Amino acid sequence: MHDAAATTSGPDAAEAPAPDTGDDVGEQITVVPLTEPAEGVPPVVDTPQALAAVVEAFGSGTGPVAVDAERASGYRYGQRTYLVQLRREGAGTALIDPVALPDLSALSDALVGVEWVLHAASQDLPGLVEQGMRPSRVFDTELGARLLGLERVGLAAVVAQMLGLGLAKEHSAVDWSTRPLPPEWLRYAALDVEVLVELREVLAERLAVAGKAEWAAQEFEAVRTAPPAPARVEPWRRVSGLHAVRDARRLGVVRELWETRDTNARQRDISPGRVLPDHAIVAAAQALPRSVPQLTALPAFAGKGTRRRATLWQSAIDRGLALPDSELPSVRGPKSDAPPPPRAWADRDPAAAARLAAAREAVAALSEEHEVPVENLLQPDLLRRLCWSPPSSLDEEHVAATLQAGGARPWQVGLTAPRLAAAFATLPR
């Protein structure tokens with residue numbers, strides 16, 4: 001167990017009320033600030049020789065390995081990993097620079113068969129795969145916390161509730177592409193894996209007691225084996241505030257501005273939102289300026305960096321204005337096999353709306369009964385698809401087959417299919 005007393009920032013630990021864990025009401029937990037790694041902050045691994053030593057040490061370690069990764073979201077283009085942290089019994093902690101060492105497959109090979117403990121694994125695994133790191137098994141402490149019904153599932157909140165330790169999170173949103181990384185950031189990064197394995201043990205025990213260990217195992221494997229996310233169709237439609245743009249010509253301008261921004265951001269390796277904010281794209285599409293002076297007169301284009309590239313943005317606007325009608329984007333959006341928004345169901349298909357209402361009520365009851373969030377019991381999109389395009393029969397067998405075909409895990413099917421079939425059976429035919 002981790003020696004919390006060695007890591008307090010002073011003799012007095014902070015006292016905080018414990019979230020409801022099913023124990024006696026009013027129980028208090030003492031949260032001890034975790035301010036220093038037990039073995040100090042290791043040097044950053046950024047040479048092949050240092051990496052070889054880490055590979056040997058971690059391959060010889062015992063038990064699960066705690067893994068974390070830091071990105072530069074909001075600063076750099078894409079979701080590249082800029083720091084990899086690991087900790088394992090017998091090996092200590094390693095902080096690896098994947099910019100200097102982009103191929104970490106040797107480390108991954110040394111850990112074949114070892115369980116990796118991550119928090120919110122779906123966020124870190126895609127970037128780790130780019131470095132050649134692929135786990136054989138995963139334990140996701142965030143998913144475990146969700147299945148236990150914890151109200152707050154961020155790492156600091158779960159560590160506080162389960163271990164009584166306080167993790168500082170003030171560096172969680174910094175620019176991890178910075179080189180050299182400041183010492184206080186490295187300390188934060190090392191602490192993120194300091195108690196992950198200990199947290200895993202506590203969560204695993206609670207999952208077993210709650211009868212949810214198999215549920216967790218299926219969820220962890222689904223995260224580990226999830227395929228890469230498919231490319232979005234017309235990703236420009238995710239511009240914040242796009243609902244205010246209502247005609248095809250202006251949508252064409254939004255598309256041209258988004259594509260120009262994306263190309264520029266990629267070339268400069270800067271987050272697109274820092275190149276040109278979404279609200280500026282929407283403002284330009286609404287105003288439709290015909291010249292650079294008209295564009296820079298808009299408040300959204302008053303910033304120094306935005307004005308510096310005003311010619312680039314005006315050229316994009318001009319292209320959107322010059323598009324023939326046949327090349328303008330659809331106001332309705334791209335064709336999709338997804339159901340329409342539920343708010344439209346009552347008018348378009350009252351029977352489907354009734355199915356959805358009954359299904360949501362059934363899943364909500366299950367959620368409360370088992371203390372699992374609705375979205376973890378069954379993917380909301382899958383539930384909508386079941387109700388909008390139901391199988392030929394809505395008995396338990398056909399509902400279960402539809403859910404399974406849609407990617408639901410066996411534990412989810414086993415819980416929800418009987419309840420959903422029963423709910424559908426109460427509806428008028």
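The values are calculated or read from the model by the stated rules, or taken from the named source; none is laboratory data. The shown structure was predicted, so the numbers you read here are calculated from the model rather than taken from an experiment. Using ideal geometry, Cβ is built from the backbone for each residue, glycine included, and neighbour counts are taken over all protein chains shown. All accessible areas refer to the heavy atoms of the entire protein, side chains included, with ligands and DNA or RNA removed. Shrake-Rupley method; radii C 1.70, N 1.55, O 1.52, S 1.80 Å.
Data overview
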read-out: T402 - accessible surface, heavy atoms, 1.4 Å probe, Å² rounded to 10; value: 40
read-out: Kyte-Doolittle mean at least 0.5, axial Cα span of 15 Å or more - DSSP H helices of the chain; value: 48-59, 196-209, 410-425
read-out: Sequence of H279, H370, H398 from largest to smallest accessible area, 1.4 Å probe; value: H279, H398, H370
read-out: Length added when fully stretched, R266-D46, from 0.36 nm per residue minus Cα-Cα; value: 76.7 nm
read-out: Computed accessible area, D103, all protein chains, 1.4 angstrom probe, square angstrom; value: 100
read-out: Accessible surface of R255 - all protein chains present, 1.4 Å probe, nearest 10 Å²; value: 40
read-out: Å² per residue, accessible surface of the chain at 1.4 Å; value: 50
read-out: Nonlocal amide H pairs with R71, under 5 Å, H built at 1.01 Å; value: Y82
read-out: Extreme residue, positive dipole direction of the range 297-403, given options P334, W388, L377 (C-beta unit charges); value: P334
read-out: For semi-axes √(5λ) of the Cα gyration tensor in Å, calculated from these coordinates, the label among (1) 40, 35, 20; (2) 39, 23, 19; (3) 34, 29, 20; value: (1)
read-out: Isotropically averaged projected area of the range 346-402, using the convex hull of Cα atoms (one quarter of hull area), nm²; value: 4.0
read-out: Cβ charges +1 (Lys, Arg) and -1 (Asp, Glu), total dipole of the chain, debye; value: 2760
read-out: Alpha-carbon gyration tensor eigenvalues x 5, square-rooted, for the range 325-372, Å; value: 33, 14, 7
